[in-house]
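Below: the structure, in structure tokens.
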Amino acid sequence: MSNTNYKNQKGVSLYLTIVILSVLMAVVFTMISIAVSQIKVIYTLSDSVIAFYGADTGIERVLYAVYKEGYIPSKGECPSAYKGILDNGAGYEVCVSNKSTLTIFSTGDYKKTKRRIEINF
């Protein structure tokens with residue numbers, strides 16, 4: 001009688017092994033996918049910080065020109081003197097809004113990431 005029980009259960013251990021390995025592989029692939037996406041986010045974040053500091057450099061350049069060199073920004077202009085590329089490859093471009101309040105904004109870019117800073121002047 002015990003011999004027949006074993007004959008009926010033949011292959012169950014193979015089936016359970018395949019199911020357990022499939023679940024483990026799914027968990028491992030999910031963890032790898034999450035890790036890869038987090039690495040991409042970290043690289044994008046570092047590009048974003050560099051672009052932000054590029055925009056900050058543009059704002060600081062214009063503020064220096066206003067307070068030390070006597071530059072008076074006119075509405076709606078994007079002076080070519082306030083465009084630049086930094087040593088790390090980030091760039092910036094400064095423009096002045098054409099609205100009633102004088103708003104100066106600087107757009108910094110690095111690789112495919114752009115960040116913008118605005119100040120009311």
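Every number here is computed from the coordinates shown, using simple stated rules; none is lab data. Because the structure is predicted, anything quoted here is derived from the model rather than measured. Please note: Cβ atoms are built from the backbone with ideal geometry, for glycine as well, and neighbour counts cover all protein chains shown.
Among S22, S46, the ranking by other beta carbons within 10 Å of each residue's beta carbon, starting with the fewest, stands as S22, S46.
If you wrap the Cα atoms of the stretch 49-88 in a convex hull and average its projected area over all directions, you get 3.2 nm². How many percent of the alpha carbon pairs in the chain exceed a separation of 16 Å? Of all Cα-Cα distances in the chain, 72 percent exceed 16 Å.
Which of the residue pairs K40/K68; K75/K114; K40/K99; K68/K114 have a Cα-Cα distance greater than 31 Å in the structure shown?
Details: K40/K68 42 Å; K75/K114 23 Å; K40/K99 39 Å; K68/K114 28 Å.
Check vs 31 Å cut-off fails for K40/K68; K40/K99.
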